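Okay, so here's the structure we're looking at.
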Amino acid sequence: MRPTSESCLRNQDPILEQLLPLFADRERVLEIASGTGQHAVHFGRAMPHLHWQTSELAANHAGIHAWLDEAALANVLPPVHLDVNESNWPVATVDAVFNANTAHIVSWPAVQSMFAGIGQVLAEGGVLALYGPFNYNGAFTSDSNARFEQWLKNRDPQSGIRDFEAICELAAQQGLQLQDDIAMPANNRLLVWRRGS
């Protein structure tokens, strides 16, 4: 049985609307932490010119395979095992990276490791699109995000909504320049960087 994420169902169309122009001239995308696999199928079907590489911890591969097997999309590739904490990622160079809802789930050291890994695999001129909630100037953007933060901390004290400025600093360390900060539904953002000039 395929795993289903209600949040994926809610956010996949607004995200796709933004990714269509961003990824129009891309060829190979790495999705970090593909979760259930729903995003990969939805985006891969809408952008058949892309080779969409899924990735996840091994424990989540079966669910992704269930979605990929049903969709039978030639351009969406089976998941590779990717732990952002590991220094060597099993991924060839890509010209785009997409990630949704990971930075606030994992620890801050894991976020740092994720950006270091992105720096290893993203080509010059490559695009990074990062979706999720972020704080600005150390402040929540909504009461619902403040409540979400408390839920995250109760679940794992090392998790939490990250500061936009700190995330941008990690990106800058990898030669990434902020291109856009797009407001999304439910107090989320889509942050877009490009590597190089």
*Exposed-loop-free span, longest in the chain, where GluC sites (Glu not before Pro) count as exposed if DSSP calls them loop and at most 12 other C-beta atoms lie within 10 Å*: 87-197
*Using only alpha carbon pairs under 8 Å that are at least six residues apart, calculate the relative contact order of the range 71-121 and give it in whole percent.*
45
_Helix-derived mean residue ellipticity, 222 nm - over the chain, DSSP H n ≥ 4, -39500 (n - 2.57), to 500_ = -11500 deg cm²/dmol
*asked:* Take residue 172 and residue 124, extend 7 Å from each Cα along the Cα→Cβ direction, and tell me the distance between the two endpoints in nm.
replied: 2.2
*Give me the number: length gained by fully extending residue 105 to residue 139, i.e. 0.36 nm times residue separation minus the C-alpha to C-alpha distance, one decimal in nm.*
10.4 nm
*Would you mind getting me the FRET efficiency between residue 158 and residue 45? Use the beta-carbon distance for r and R0 = 41 Å, nearest 0.05.*
0.70
_Distance between the range 118-197 and the range 39-86 - C-alpha centres, whole angstrom_ = 22
*Cα-centred dipole magnitude for the chain, charges only on beta-carbon of K, R (+1) and D, E (-1), debye, nearest 20*: 140
*Quote the FRET efficiency, to the nearest 0.05, computed for residue 69 versus residue 116 with a Förster distance R0 of 25 Å and r equal to the Cβ-Cβ distance.*
0.15
_Just to verify a number: FRET efficiency for residue 184 and residue 88, C-beta to C-beta distance, R0 = 35 Å, to 0.05?_
0.60
*asked:* Which of 182, 167, 64 ends up with the largest GNM mean-square fluctuation for the chain, with Cα atoms connected below 10 Å?
replied: 182
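No value in this document is a laboratory result; all are computed from the given coordinates. Quick caveat: nothing in here was measured; it's all calculated off a predicted structure. Every residue, glycine among them, receives a Cβ derived from its backbone with ideal geometry; neighbour counts consider all protein chains shown.
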